[in-house]
Amino acid sequence: MVPRAQESQSDARATAAEQPVRVAVLGAGNVGGALVSLLLNEGDAIAARSGVRFELAGVAVSDANRTRAGIPPDLVTGDAKGLVSDPRVDVVVELIGGLDPARALVETALASGRPVVTANKELIAAYGAPLADAALASGVDLLYEAAVAGAIPIIRPLRESLAGERIGRVVGIVNGTTNFILTTMSEQGLSYADALGEAQRLGFAERDPAADVDGHDAAAKAAILASLAFRCVVTSSDVPREGIASVDPVDIAFADRLGYVVKLLAVAERFDDGGSDDSPEISVRVHPAMLPRTHPLAAVRGAFNAVFIEGAAAGELMLYGRGAGGVPTASAVLGDLIDAAHHLRARSPARVAPRTGARIRPDDDLWCAWYLSIDVADRPGVLASVARVFGDHGVSIRSMEQVGLSDEARLIFLTHVARAGDVRLTIDGLRQLDAVDRVGGVLRIVGDQDDD
């Protein structure tokens, strides 16, 4: 026989579980529209799988007069601030993107004691720490699984599953547009411009692709990953970045012949020779790089994403999947929404690890092997003068190959591990030589046995 007190508690929990969680969705673009569709059309299935029934309180959009397929007009509003402040709203989902007005709306929701779920990488990369403090002060969740790598679960593993792990490095392909472009250049021999055009035609790249191809998108995601992996405060402004516009098909072909592939990587690593747990020394950066064909990330093709984690106890882990797209990203948002609902009912938000300060090692003080391509006049003595510039700056040449180009020659160099600042000085010195017509491709080599 069940004691009356336990029976009463069980009835209370059952009653609470039956109450719908009212959700305000801010934004009805690709991700917002897909989430609204999931909540409206698969509500019963979601409730059966998760134990939470959701009810849409409203959908805030920039133009409330425009008809949106699949969204009942009575749910649409142009007053995002009013929707966030509606006392009937339990959880706010921010899918507007950008910093303004998203930041103010999220702050308003958190201050009023409402959990927030967002896919806004730009917002979290710039203001993740103060927003997390605001959520902690109100005793609610700030969840952002969808902000990095779309449907790939990476935020929750770093925050929870690997909470006790000493992570040494996180390397990711976190931008599907650039990975599609580089894959197309590699497999079809297209120029950067032609591969970008193909990505735009297929909908993988925006009309203005700068955020992707110049590395801004990947830099924001790198900041978020570093903040979680190393439990410290890192913002997008801390992340030096290089885009892919200068990558040439010739460099990709040489990389292939040498056993490498070219990828745009987000890299976050911790240095054991500097800093402490309270103030670790780290590096966070985004750049194109040559990866050995044997590296797990080398096989990530097309618009797919993957994140490779190196832990002291866990060893090497890789998470792989679709990193963008309305429906996959909405799936990640829904997962956070379910967590937020359960935590709200239990009055126990997700655990937030304290974040420390970090020392960012300057990019010039990083060490790796390098690939350089140089077009020079094909005459005696040129190779010696070029090699002298390398030697003057302490950059050791591992191998060199020469390819004839009528009255010119292309010299392809692979270096041993060298300091980035010394390589930059070498490049400046090479450009000053009369015999050097052009310094072409300059790529870091990551994940090689000579990389450490």
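Data table
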| quantity | calculated |
| --- | --- |
| Cβ-defined net charge surrounding ASN179, 9 Å radius [Lys, Arg +1; Asp, Glu -1] | +2 |
| With Cα atoms, 0 to 90° folded angle of helix 121-138 axis to the chain main axis | 40 |
| ARG241 accessible area, assembled protein chains, probe 1.4 Å, Å² | 100 |
| Accessible area of GLU206 in the full protein assembly, 1.4 Å probe (Å², nearest 10) | 120 |
| Accessible carbon and sulfur surface of the range 106-156 relative to its total accessible area, %, 1.4 Å | 53 |
| Distance in nm between pseudo-label sites at ASP63 and ASP407 (7 Å out along the Cβ direction from Cα) | 5.8 |
| Rounded, prolate or oblate (a/c below 1.5 giving rounded, otherwise prolate when a/b exceeds b/c) for the range 283-369 by Cα gyration tensor | oblate |
| Bins of 10 Å, starting at 0 and running to the largest distance - Cα pair percent for the range 51-200 | 10, 29, 30, 21, 10, 1 |
| Degrees between helix 176-188 axis and first principal axis of the chain (Cα, 0 to 90, nearest 10) | 40 |
| Cut-off 14 Å between beta-carbons: net charge of the residues surrounding ALA303, Lys and Arg +1, Asp and Glu -1 | -1 |
| Positive-end residue of ALA353, ILE338, VAL106, charge dipole of the chain with Cβ unit charges | ILE338 |
| FRET efficiency, ASP272 to VAL327 (Cβ-Cβ, R0 45 Å, nearest 0.05) | 0.60 |
| With every protein chain in place, the range 355-452: carbon and sulfur % of accessible area (1.4 Å) | 46 |
| Estimated 222 nm signal from helices in the chain, with DSSP H stretches of n ≥ 4 weighted -39500 (n - 2.57), rounded to 500 | -11000 deg cm²/dmol |
| Difference of contour (0.36 nm per residue) and Cα-Cα distance, TRP367 to ARG88 | 95.0 nm |
| Separation between Cα centres of the range 383-452 and the range 142-183, rounded to whole Å | 33 |
| Surface accessible to a 1.4 Å probe, GLU160 within the full protein complex, Å² | 90 |
| Carbon plus sulfur fraction of accessible area for the range 200-282, probe 1.4 Å, in percent | 45 |
| Per residue Cα convex hull volume in Å³ - calculated over the range 44-101 | 118 |
| In nm, spacing of pseudo-spin labels at ARG438 and LEU258 (7 Å Cα→C-beta vector) | 1.8 |
| Cα-based Kirkwood hydrodynamic radius, the range 130-176, one decimal, Å | 12.5 |
| Probe 1.4 Å, all protein chains present, accessible-area order of TYR127, TYR144, TYR320, largest first | TYR320, TYR127, TYR144 |
| Unit charges on C-beta of K, R, D, E only; dipole of the chain, Debye | 1060 |
| FRET efficiency, 1/(1 + (r/R0)^6) with R0 22 Å, evaluated for ARG351 and ALA313 via beta carbons | 0.65 |
| Rg/Rg_ref, the chain, where Rg_ref = 2.2 N^0.38 Å and atoms are Cα | 1.12 |
| Extension gain from ALA193 to SER161, taking 0.36 nm per residue of separation minus the Cα-Cα distance | 7.4 nm |
| Surface accessible to a 1.4 Å probe, per residue, for the residues of the chain, Å² | 45 |
| Candidate lysines - alpha carbon under 24 Å from LYS81, same-chain residues fewer than 8 apart omitted | LYS121 |
| Cα principal axis extents for the range 126-245, largest first, Å | 51, 27, 26 |
| Accessible area, probe 1.4 Å, largest first, for residues THR356, THR415 | THR356, THR415 |
| Angle between the chain longest axis and helix 102-111 axis [Cα atoms, degrees, rounded to 10] | 40 |
| Signed unit charges on C-beta, dipole axis of the range 211-322, positive-most listed residue ALA314, VAL261, ALA220 | VAL261 |
| Calculated FRET efficiency for the pair ARG388/SER112, C-beta based, R₀ 51 Å, to 0.05 | 0.15 |
| Gain in span if fully extended, ALA48 to ALA245, counting 0.36 nm per residue against the direct Cα distance | 66.1 nm |
| For peptides 328-338, 73-83, 107-117, sequence by mean Cβ density within 10 Å, most packed first | 328-338, 107-117, 73-83 |
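The values are calculated or read from the model by the stated rules, or taken from the named source; none is laboratory data. Note that the structure is predicted; figures quoted are calculated from it, not measured. Glycine gets a Cβ as well: all are built from the backbone with ideal geometry, and neighbour counts include every protein chain shown. With ligands, DNA and RNA removed, areas are computed over all heavy atoms of the protein, side chains included. Shrake-Rupley method; radii C 1.70, N 1.55, O 1.52, S 1.80 Å.
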